[in-house]
Amino acid sequence: MPPCTHRPAAQQHKVQDRRQIKINAMVVPSAAPECRAAAAVFCRRGIPTVDMSAPAGRGELSRQMVRACAESGFFKAVNHGVPPRVAPRMDAATSAFFAQAAPEKQLAGPPNPLGYGNRSIGTNGDVGELEYLILHTNSDAVAHKANAIDKKEPQRFSQVVNDYVEAVRQLACKVLDLLGEGLGLRDPTSLSRLITATDNDSLIRINHYPPSCATTAQERHLVAPPRCTAGGGATNIGFGEHTDPQILSVLRANDVDGLQVLLPDAAGDDVWLPVPPDPSAFFINVGDLLQALTNGRLVSIRHRVVASTSKPRLSTIYFAAPPLHARISALPETVTAGAPRRYRPFTWAEYKKTMYTLRLSHNRLDLFHVGDGDAGGGDDIEQE
Ligand SMILES: C=C1C[C@]23C[C@@]1(O)CC[C@H]2[C@@]12CC[C@H](O)[C@@](C)(C(=O)O1)[C@H]2[C@@H]3C(=O)O
Ligand SMILES: O=C(O)CCC(=O)C(=O)O
Ligand SMILES: [Fe+2]
């Protein structure tokens with residue numbers, strides 16, 4: 001029986017230390033005995049899956065969630081409670097936007113950093129095989145941008161987006177409260193309160209990936225369409241590897257594959273693990289801020305999207321963020337003699353400013369690591 005691929009938090013890899021990365025579509029570990037015991041949900045298909053309806057009770061649910069976020073920084077949430085019509089309505093509204101001609105879509109751009117963008121990601125030279133919309137989740141900001149996105153029915157578009165944001169915000173809060181309980185926080189709601197503050201800085205991003213040009217050209221015996229580079233490009237990166245900077249990301253996509261997460265295999269080598277698509281589920285990513293708030297106990301997950309060869313991929317990601325002035329500092333319960341404070345306190349505004357100067361793949365949280373001898377006691381979450 002192969003060993004469990006999930007390892008204790010203390011042994012977590014640092015991406016910059018990784019020895020070898022294998023792209024491994026076969027990383028489907030069968031359940032090892034140690035995996036069956038505490039959380040049978042782990043190791044079954046390689047992707048931690050959490051049933052949010054809590055069949056084994058809330059205590060077990062919060063333990064499973066902490067375990068998934070400490071060992072992988074990632075899990076698939078099923079029976080999540082998001083009303084069934086919310087996501088299909090969002091997909092229909094955003095697909096209609098992407099179906100328009102380029103000049104129409106460009107009215108909602110350029111991404112500065114919000115708005116419509118095509119191929120270029122950020123301002124530091126990253127590119128991917130996608131087009132996208134990034135919106136602030138504030139309803140005034142959505143209403144303003146909706147005028148350029150849906151010129152016929154901007155109010156309807158706003159309503160669909162607001163409904164979606166409200167549903168995924170509730171899911172994110174449920175996850176953060178359960179994590180707060182599982183981590184034994186004195187105030188288990190302190191994490192969710194960061195993202196429900198009226199001036200929270202959360203974003204919604206919709207990514208639209210065309211089918212991979214190289215393979216479709218070969219398959220259909222067509223000449224390469226204009227987007228394809230000479231030679232077709234072997235990797236076809238849709239969205240390059242990165243961690244999400246915010247607290248938590250809630251991702252949903254259509255039935256097209258492409259998402260991959262970087263996790264260690266049985267030998268401890270980091271491998272890109274393909275995440276099988278499931279439009280009925282939400283995928284939860286731990287972001288950099290949650291790693292900092294929990295003093296590294298929960299880990300922000302490195303992920304990427306490889307362009308699919310089949311149909312267009314449509315994904316919608318809610319990035320739950322605190323207000324700009326929120327002070328991010330390790331929660332006192334996560335700082336102990338054995339786990340001294342890892343990151344110096346910073347504001348989200350400071351982190352964001354740094355992040356926009358860096359490439360997508362940068363390990364930006366490392367820049368906030370305390371030097372030897374700097375580590376102090378934990379601080380409460382504060383807003384300046
Ligand atoms: C290259 C960049 C794009 C990004 C800002 C950054 O400078 C580094 C972080 C990137 C990222 C990744 C997660 C989200 O998709 C995003 C909206 C975010 O908050 O951080 C993007 C940024 C972006 O595309 O503007
Ligand atoms: O489009 C996806 O499925 C994931 C994209 C992503 O990771 C991001 O936008 O931060
Ligand atoms: Fe991401």
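Can you give the FRET efficiency for ALA143 and SER361, using 1/(1 + (r/R0)^6), R0 = 45 Å, r = Cβ-Cβ distance, to the nearest 0.05?
The pair ALA143/SER361 has a calculated efficiency of 0.85.
Using Cβ counts within 10 Å as a stand-in for footprinting exposure, how do ASP288, ASP187 rank, fewest first?
ASP187, ASP288
May I ask you to order 162-169, 78-85 by the average number of other C-beta atoms within 10 Å around their residues, highest value first?
Peptide ranking by packing, descending: 162-169, 78-85.
Taking the dipole about the Cα centre of the range 150-190, with the C-beta of Lys and Arg at +1 and of Asp and Glu at -1, give me whichever of LEU176, VAL161, PRO188 is farthest to the positive side.
Going by the Cα projections, it comes out as VAL161.
Suppose R0 equals 45 Å. What FRET efficiency, 1/(1 + (r/R0)^6) with r the Cβ-Cβ distance, do LYS152 and ASP187 give to the nearest 0.05?
FRET efficiency, LYS152 to ASP187: 0.45.
Mind listing which chymotrypsin sites (Phe, Trp or Tyr not before Pro) in the range 294-371 are in a DSSP loop and have 10 or fewer other Cβ atoms within 10 Å? Spell out each step's value before the answer.
Working: sites: TYR318, PHE319, TYR343, PHE346, TRP348, TYR351, TYR356, PHE368; in loops: none.
Answer in residue order: no site qualifies.
Any chance you could check the Cα centroid distance between the range 237-314 and the range 62-90 for me, in angstrom?
Rounded to whole Å, the Cα centres lie 13 Å apart.
For the range 102-184, what's the relative contact order in percent, using C-alpha pairs closer than 8 Å and at least 6 residues apart?
Relative contact order here is 19 percent.
For THR357, THR137, what's the fewest-to-most ordering of other Cβ within 10 Å of each Cβ?
THR357, THR137
In what sequence, highest mean first, do 273-279, 53-59 appear when ranked by Cβ atoms within 10 angstrom?
Put in order of decreasing packing, that is 273-279, 53-59.
Each value in this text was obtained by applying a stated rule to the coordinates, not by laboratory testing. Computed from a predicted model, the values in this text were never measured in an experiment. Every residue, glycine as well, gets a Cβ built from its backbone with ideal geometry; the counts of neighbours run over all protein chains shown.
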